[in-house]
Amino acid sequence: MKKIIAFAGSNSKESINKTLVVYATTLLSNKDIEILDLNDFELPIYGIDLEKEQGIPSNAYKFLEHIKNSDGIILSLAEHNGAYSTAFKNLFDWMSRIESKTFYNKPILLMATSPGGRGGASVLSIAKDRFPYHDANIVEIFSLPFFGNNFVDGSIVNENFDKQLKNSLQQFQNSL
């Protein structure tokens with residue numbers, strides 16, 4: 001059975017991106033799925049001086065081990081001021097100090113949602129351009145705009161977006 005890790009690039013306890021990740025995992029079958037929460041991997045803000053003085057924190061190693069031990073990744077990025085959330089960027093920075101090829105060529109379904117009409121388009125663009133330098137194998141990208149209107153009572157209510165997600169999940173599964 002293939003092992004998939006799924007997480008939101010957010011530390012918000014009410015993250016709409018985590019809600020989207022959880023929903024997406026319910027649409028998969030015959031998979032060992034582990035949903036990770038960035039709050040379980042708290043890290044000090046990365047700085048070279050801190051790394052020299054104290055080394056790399058164990059939580060960065062632990063998260064990277066989850067990536068290494070997976071067969072695929074479902075990641076929904078929160079967009080803060082047009083870029084990654086600080087919590088995700090910080091984790092990414094620490095992990096890249098351990099291994100610059102952070103994603104180990106694992107198939108990735110990259111997603112984002114937002115309350116607005118762009119559905120995290122800016123952060124998806126940044127990740128799409130940056131992640132391949134870290135050995136990311138992005139097989140599909142899914143964006144859900146207007147989260148509050150399109151996601152109601154635990155599922156995507158817009159048929160077109162729900163179909164897009166299911167197609168993206170199928171392509172992701174086919175890549176495992």
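The values are calculated or read from the model by the stated rules, or taken from the named source; none is laboratory data. Being a predicted model, the structure only gives us computed values, none of them experimental. All Cβ positions, glycine included, derive from the backbone under ideal geometry; neighbour counts span all protein chains shown.
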Picked from segment 156-176 (must be touching a helix residue (DSSP H, G or I) at 6+ places or on another chain (Cβ under 9 Å) and free of Cβ contacts under 8 Å to residues at least 24 places away in the same chain), the residue surrounded by the fewest Cβ atoms within 10 Å (Cβ to Cβ) is VAL157
Going through (1) among the charged types (D, E, K, R); (2) farther than 25 Å from ASN81 by Cα; (3) in contact (Cβ under 8 Å) with a residue 24 or more places away in the chain one by one, ASP153 fails only at (3)
When restricted to ILE48, ILE73, the only residue at pLDDT 95 or above and within 16 Å of PHE103 (Cβ to Cβ) is ILE73
Taking segment 24-59 and keeping only residues that are among the aliphatic types (A, V, I, L, M) and either closer than 13 Å to PHE92 by Cα or free of Cβ contacts under 8 Å to residues at least 60 places away in the same chain (or both), one is left with ILE33, ILE35, LEU36, LEU38, LEU43, ILE45, ILE48, LEU50, ILE56
Considering segment 10-23, residues that are among the hydroxyl-bearing types (Ser, Thr, Tyr) and either without any contact (Cβ under 8 Å) to a residue 60 or more places away in the chain or surrounded by fewer than 19 Cβ atoms within 10 Å (Cβ to Cβ) (or both), and then whichever is nearest to LEU165 (Cα to Cα), we arrive at TYR23
